[in-house]
Amino acid sequence: MLPTELLMHRFSGEELIPKRLKLDAGNLAIAQDLIALFQNAKGQTKGELSRELLDLEGEETDYRIKRGLAHLLNGGFSTFEVVSPLEPPMLRERVFALSAEAAPSLQTTQIILDRLADLLTQELGREVLTEQIRSGLYADLPDNQILTEFESPTPEALLHRYNLSQVQGVFYRASHIVLNAHRNDPGEYKLLFRYVKLFQLMTYIEGDADHGFTLTVDGPTSLFKPSTRYGLAIAKLLPALLHVTKWNLSADLQINDSYSGKTRKSRFTLESDCGLVSHYPPGKTYDSMLEAGFVERWQKAKTDWRLEREVDLIAIPGSVMIPDFRLVHPDGRTFLLEIVGYWRPEYLKKKFSQVRQSGRDDLILAISERLNLEKAGVKIHDTPARIVWFKDQLLPKAVLEVLEDIIR
């Protein structure tokens with residue numbers, strides 16, 4: 001993402017409007033020039049690349065755009081590494097120790113490097129050259145790191161990433177965000193909720209699968225001490241949200257006015273047809289090999305029960321539960337299946353609490369025998385769900401036995 005100094009926006013009344021670049025010939029040409037510069041810089045130091053970027057910026061007024069695009073190429077597509085046959089911290093320590101024995105001068109510097117080369121040759125059992133020490137002494141400084149890999153994006157992809165980053169930067173200043181996810185495919189909801197959990201966002205969830213969900217998120221400026229890290233976490237949610245079909249959001253912002261020194265209140269709104277493009281991959285078909293293996297075995301099982309993936313959402317106070325599968329009988333009866341495999345105690349407590357709060361009697365929990373529920377403080381005797389235990393693999397036979405027992 002972009003740092004604050006490279007974010008650009010304007011105001012329309014109280015509405016903040018982030019800078020977006022059109023995918024026209026001029027901007028595509030700028031993106032292509034920058035990509036070519038990075039491609040040609042492989043093997044060079046970061047310092048050399050920075051100087052070439054400054055030359056490319058020149059005296060033109062669009063330098064902030066070029067600098068922003070270069071920042072994204074630098075951080076999202078480039079790999080810089082320390083290239084040195086010897087560890088730079090060790091070299092500095094040895095050079096400084098030897099330097100303490102002599103008065104500093106150009107002559108003694110060369111003598112010290114030659115002496116250290118001789119010592120390291122003896123210690124390592126291989127020839128160490130003076131020039132290797134000289135080049136490796138500060139090889140770990142950022143400007144001396146080498147561009148070893150560059151995953152070249154298309155100019156269009158780079159401009160899409162820039163536009164997304166400009167919008168993401170809005171959330172650095174948010175105090176309150178309300179996101180309405182309208183009726184969507186349940187798999188899209190699960191991807192969204194998974195990212196909410198991954199980024200540890202302070203979120204209250206209301207709604208259901210039939211009407212949609214409202215997520216109320218506390219922004220970084222709502223905290224007692226504004227957190228840059230938390231603001232970045234909220235910004236990271238936006239690319240995940242772009243995989244959801246229908247949604248809209250509004251955010252209350254607190255903007256620091258550099259001229260007056262005062263805080264200005266503003267608003268920002270965004271909808272699913274915003275034209276932004278996500279660089280996050282779409283949701284995985286299955287959360288684990290455990291689920292994938294169960295589906296594969298189910299397809300080979302001789303049963304009339306149909307297995308469907310993530311088609312139900314269970315709303316509970318302040319959150320939502322999305323069972324892994326729905327089991328459908330030919331007569332129309334359905335049951336939900338949730339696989340509880342290998343997770344931390346905190347997750348297990350939350351999962352079983354959700355099951356109790358749901359009050360659902362059509363839920364089946366498949367629980368790994370490897371889980372130490374007692375140690376995690378989890379009690380299953382008051383759980384309304386039916387339990388299926390499994391060891392390394394969840395077998396369809398065990399689930400079918402529970403289903404047949406229920407419908408008798």
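Beta carbons within 10 angstrom, averaged per residue: use that to sort the peptides 327-335, 193-201, highest first.
On the way: 327-335: 13.8, 193-201: 16.4.
Descending packing order for the listed peptides: 193-201, 327-335.
Going down the table (K246/K302; K236/K300; K351/K397), which pairs top 31 Å between alpha carbons?
Working: K246/K302 38 Å; K236/K300 40 Å; K351/K397 24 Å.
Violating the 31 Å Cα-Cα cut-off are K246/K302; K236/K300.
Just need the relative contact order of the chain here, percent rounded to a whole number, with Cα pairs under 8 Å and 6+ apart. Present the calculation step by step, with values, prior to reporting the outcome.
Working: 633 pairs, mean separation 53.7, N = 408.
Over the chain, the number comes to 13 percent.
More than 39 angstrom separation, counting every C-alpha pair in the chain; what % is that?
Working: 36199 of 83028 pairs.
Pairs farther apart than 39 Å: 44 percent.
Helix-only estimate, please: 222 nm mean residue ellipticity of the chain, summing -39500 (n - 2.57) across DSSP H runs of length 4 or more and dividing by its residues, to the nearest 500. List each step's numbers first, then the result.
Details: 12 runs with 159 residues, N = 408.
Taken over the chain, the calculation gives -12500 deg cm²/dmol.
Using a basic spin-label model with each label point 7 Å from the Cα along Cα→Cβ, how many nm lie between Y204 and D304?
Result: 4.7 nm between the two label points.
By a straight-distance test (C-alpha under 15 Å), which aspartates and glutamates pair with K46 as possible cross-link partners, with residues fewer than eight away in the same chain excluded?
By straight Cα distance, K46 reaches D55, E81, D140, D143, E149.
Laboratory data are not the source of any read-out in this text; all were calculated from the coordinates shown. The shown structure was predicted, so the numbers you read here are calculated from the model rather than taken from an experiment. Counting neighbours? That spans all protein chains shown, and the Cβs are built from the backbone with ideal geometry, glycine included.
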